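Okay, handing you the structure first.
The values are calculated or read from the model by the stated rules, or taken from the named source; none is laboratory data. Small disclaimer: the values here were computed from a predicted structure and weren't measured. Here the Cβ is made from the backbone with ideal geometry for all residues, glycine too, and neighbour counts use every protein chain on show.
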């Protein structure tokens with residue numbers, strides 16, 4: 001019985017410690033004149049350097065693809081159509097920012 005209780009506690013500890021290290025992708029985007037700037041990263045504060053960020057129109061056609069720089073940022077020329085931007089880190093749910101969410105900074 002004592003061995004089973006120890007295994008149970010060990011299992012619970014592993015479960016809770018794994019959730020403490022979980023993080024998910026985040027991205028914020030804003031408008032600067034004729035450009036859209038996005039900053040990508042993770043909820044634990046870590047950066048997202050050298051990740052592809054995609055800009056799509058509402059027909060799901062890829063308009064542009066940029067790679068995050070050393071500051072985890074990308075810049076797109078503002079398209080003449082409605083659009084959304086996707087940061088897909090590959091191991092979590094992708095982040096999407098829609099044009100209506102983007103404000104002038």
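Which ones in segment 43-62 are surrounded by fewer than 17 Cβ atoms within 10 Å (Cβ to Cβ) and at negative phi?
43, 44, 46, 47, 49, 52, 57, 58, 59, 61, 62
What are the residues in segment 63-84 that are free of Cβ contacts under 8 Å to residues at least 24 places away in the same chain and surrounded by 11 or more Cβ atoms within 10 Å (Cβ to Cβ), if any?
Those that are free of Cβ contacts under 8 Å to residues at least 24 places away in the same chain and surrounded by 11 or more Cβ atoms within 10 Å (Cβ to Cβ): 63, 64, 65, 66, 69.
Then there's this: Output the residues belonging to segment 85-105 that are under 13 Å from the mean Cα position of the chain (by Cα) and exposed (fewer than 11 other Cβ atoms within 10 Å of the Cβ).
Across segment 85-105, the qualifying residues are 90, 91, 93.
Residues to consider are 37, 100; find the one that is at pLDDT 95 or above and assigned to a helix (DSSP H, G or I).
Selected residue: 100, the only one of 37, 100 that is at pLDDT 95 or above and assigned to a helix (DSSP H, G or I).
Taking segment 50-93 on its own, how many of its residues are part of a loop (DSSP other than H, G, I, E, B) and at pLDDT 95 or above?
Final tally of qualifying residues: 17.
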